[in-house]
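Please read the structure below before turning to the comments.
Laboratory data are not the source of any read-out in this text; all were calculated from the coordinates shown. Because the structure is predicted, anything quoted here is derived from the model rather than measured. Because the Cβ atoms are built from the backbone with ideal geometry, glycine has one as well, and the counts that use them run over all protein chains shown.
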Amino acid sequence: ERQVARCTGIQEAIAYHDRLEAQRDDLPYEIDGVVIKVDDRQQQAELGLRSRNPRWAFAHKFAPREEITRIEDIVLQVGRTGIIAPVALLAPVEVGGVTISRASLHNYDQVRAKDIRPGDSVRVHRAGDVIPYVVERVDDRPESERPAPFEMPQTCPVCDSDVERDGAYFVCTGGISCPAQLNGAIEHWASRSAFDIEGLGAKTVRQLTEAGLVKDSVADLYRLTREQLLTLDLFGDLKADNLVAAIAASRDTSLGRMINAFGIRHVGEHVADVLANAFGDLRALMAADEKTLIAVHEVGPRVAHNVREF
């Protein structure tokens, strides 16, 4: 049975959302909300589109499902931009039909504000019914039975480089010399929205860097040979040939994809396309100062600074 209703006015649409949420557990499939949309085609055309979604439709989510579990440990994860994020390792718990065993704690300030420590019982949900999220601590242990409050390290847990604070975040200063940042940079470079190199997933990237075949930058990818790949455990003749061919084919790409592939902070797919359309050529973008960059519609001071620094 299709769960669809035509409503007159937003209040009717919200009432339909609330009725369907009440029936949620009786449905033979999982849903996480209702899409409310204008059904007049002329009005849809007048409202138009954003870069990723229409202005004439939006998702009105249900309240997330929540469960209580225990934090077994808090570990650190280094991202491709060097940001070090605390991650909670959870006693596995099923939330909305999915078993979760880890959840990002986002940043140090959130961990301290919620006073989360290993061993604590916490309430968790899946934000948007997708992303595991620690809502709050519900543990009532006395302070004497809890470990010391969580603290961020002064050096990177992966490469031992110094860690600097940048607003709410702690950042490894090792750059591409940090294996975690190198792996992340290559995975992003090969991703579908960037150079779209099929066969270059996280496991393969890790093997390439650990073997020293890619060690200084993503440029090392374009020097890989079939013979080098065949020395690795994951590769046979066909897989080696396919990866070399996919890397070679990725040279033929658009400027927007290339700018996105660089992984410049705060420059995603949309801003990369904006910059590509504004400058039309990589050399022109490289020559642009911050004032020239800020003059581009949708480019603010932070993006301009990050592009210039990169």
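So the values come out like this:
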{"item": "Dimensionless Rg/Rh of the stretch 69-163 - Kirkwood Rh, Rg from C-alpha atoms", "result": "0.98"}
{"item": "D_trans [Stokes-Einstein, Kirkwood Rh over alpha-carbon pairs] for the stretch 171-250, 20 °C, 1.002 mPa s, µm² s⁻¹", "result": "169"}
{"item": "Whichever lysines have a C-alpha closer than 24 Å to that of Lys61, once near sequence neighbours (fewer than 8 apart) are set aside", "result": "Lys37"}
{"item": "Efficiency of FRET between Glu67 and Arg283 - r from beta-carbon atoms, R0 51 angstrom, step 0.05", "result": "0.40"}
{"item": "Rounded to whole Å, sorted largest first: equivalent-ellipsoid semi-axes of the stretch 1-94, Cα gyration tensor", "result": "36, 23, 9"}
{"item": "Phe310-Gln43 FRET efficiency (beta carbon distance; Förster radius 51 Å; 0.05 resolution)", "result": "0.80"}
{"item": "When the convex hull of its Cα atoms is projected in every direction, mean area for the stretch 252-310 (nm²)", "result": "3.4"}
{"item": "Reachable lysines from Lys203, criterion Cα separation under 27 angstrom, eight or more residues apart if same chain", "result": "Lys215, Lys239"}
{"item": "Cα→Cβ-extended label distance, 7 Å offset, between Arg192 and Val35, nm", "result": "1.6"}
{"item": "Whole-Å distance, taken between Cα centres, linking the stretch 288-309 and the stretch 80-112", "result": "33"}
{"item": "Pair Glu269, Ala211: separation of 7 Å Cα→Cβ label points (nm)", "result": "3.1"}
{"item": "Solitary cysteines of the chain, where the nearest other Cys Cβ is not under 4.7 Å", "result": "Cys7"}
{"item": "The chain, helix-only ellipticity at 222 nm - DSSP H runs n ≥ 4, -39,500 (n - 2.57), divided by all residues, nearest 500", "result": "-9000 deg cm²/dmol"}
{"item": "Prolate/oblate/rounded call for the chain, Cα gyration tensor, a/c under 1.5 rounded", "result": "oblate"}
{"item": "Expected-Rg normalisation [2.2 N^0.38 Å, Cα atoms] applied to the stretch 51-93", "result": "1.86"}
{"item": "Virtual spin-label span in nm between Arg226 and Arg2, 7 Å along Cα→Cβ", "result": "5.2"}
{"item": "Listed residues Gln23, Gln207, Gln154, most fluctuating in the chain (Gaussian network, C-alpha, under 10 Å)", "result": "Gln23"}
{"item": "Given 14 as the ceiling on other Cβ atoms within 10 Å, longest exposed-site-free region of the chain for GluC sites (Glu not before Pro) in DSSP loops", "result": "31-150"}
{"item": "R0 of 51 Å, Cβ-Cβ distance Ala59-Asp233: FRET efficiency to nearest 0.05", "result": "0.75"}
